[in-house]
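What follows is a set of notes on a single structure, which appears directly below.
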Amino acid sequence: MSHNSFGHLFRVTTWGESHGPALGCVIDGCPSLIDITEEEIQFWMDRRKPGQNRFTTQRREPDAVQILSGVFEGKTTGTPISLMIENVDQRSKDYGDIKEKFRPGHADYSYQTKYGIRDYRGGGRSSARETAARVAAGGIARKVLGDGVTIKGYLTQIGDKVIDRSLFDMAEIDNNPFWCPDAEMAEIWTEYLDGIRKNGSSVGAVIEVVASGVPAGLGAPIYGKLDSDLAGAMMTINAVKGVEIGEGFSAAALTGESNADEMRKGNENSPRFLSNHAGGILGGISTGQDVVVRFAVKPTSSILKPRATVNKSGEETDIITKGRHDPCVGIRAVPVGEAMMACVLADHLLRHRGQQG
């Protein structure tokens, strides 16, 4: 299967399946002499790993990352960095009943049609388990970006319940299982998702990722736009069906006067922007403001409700997807979105240095 890599100078290739012995990634193009340890990468892995609360899949994976190459005496060597995460809590028997059936909303049918074969055990390569490797790569990317760039993701919506922006508190994000910046909405989501989970159903979500400290000048005006690469990267995350930069679709309801980010005199290196409707990117190039990306995740397709489907022979049947699944997969998409933001920014930083010095 091709197309398992992304990035240009900071290039990430992921490998492995949901129920295989291990998964991981190879990162090529990382500069040498960057300090990195397994513990630093593990910090980000621990934010994504499953089974941490009742609102995510109860699959128990330590997601312990191992550095296999590209690092010597705690520093990157400039050679490919290989990272591996072992799978230790697979339950392949949970998927025996769907071996011959296609799960509605999943990639089962499309994979079978394209390749003539599919790994029915948790979806194989199409499983969100693959994103563990991306989070590991994101840990390396953050080191390339340096301490001056901070990336923070959080949920702004679960189902039809949206946060109150007037109550936005960055300090609240790590105080609840939803990465929610609105303490009142976090309590509402708790009761709401309990009902969804007990009913054997699922619901979608919207995740916002903000990168602060991004230098101006990253990106290119036509086919190397920073926002197009970010949109493409977020769309590769499992279950994502929509991406916005800055105001996104809401910009269609604004006037030219209200949408334009007016400027005043700032410091000697950059102006002072009075707003950030553009999400920190103009003409495909970063402005030095916060880079703001938002993406929508559909409801988890694996639910305990009978659904109509067909089997590999084309016969009509019903299906109930057993196993351990997220009532809202958007919760664990937060650290994945952060990682993809980091990888794209690291790639563009290196590309900018290569062109502009």
Any idea which residue in the range 63-85 is modelled with the lowest pLDDT, counting only those that are open to solvent by less than 30 Å² (accessible area, probe 1.4 Å) and within 15 Å of W44 (Cα to Cα)?
-> D63
Test A251 against the stated conditions and say whether it is modelled with pLDDT of 95 or more, part of a helix (DSSP H, G or I) and not β-branched (V, I, T).
-> yes
Of V214, V203, V210, the only residue that is touching a residue at least 24 places away in the same chain (Cβ under 8 Å) and touching a Lys or Arg at 6+ places or on another chain (Cβ under 6 Å) is V210
Scan the range 137-166 residue by residue and report those that are hydrophobic (A, V, I, L, M, F, W, C), open to solvent by less than 30 Å² (accessible area, probe 1.4 Å) and closer than 25 Å to I196 by Cα.
-> L155, I158, I163
What are the residues in the range 197-245 that are open to solvent by 50 Å² or more (accessible area, probe 1.4 Å) and hydrophobic (A, V, I, L, M, F, W, C), if any?
-> A216, I222, M235
In the set C328, C343, which member is modelled with pLDDT of 90 or more, open to solvent by less than 50 Å² (accessible area, probe 1.4 Å) and farther than 30 Å from K225 by Cα?
-> C328
Please go through the range 167-177 and pick out each residue that is part of a loop (DSSP other than H, G, I, E, B) and buried (at least 18 other Cβ atoms within 10 Å of the Cβ).
-> N176
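The values are calculated or read from the model by the stated rules, or taken from the named source; none is laboratory data. Please read all numbers here as calculations on a predicted model, not as lab measurements. When we count neighbours, we look across all protein chains shown, and the Cβ atoms used for this are built from the backbone with ideal geometry, even at glycine. Areas reflect the complete protein model, heavy atoms only, side chains present, ligands, DNA and RNA absent. Shrake-Rupley method; radii C 1.70, N 1.55, O 1.52, S 1.80 Å.
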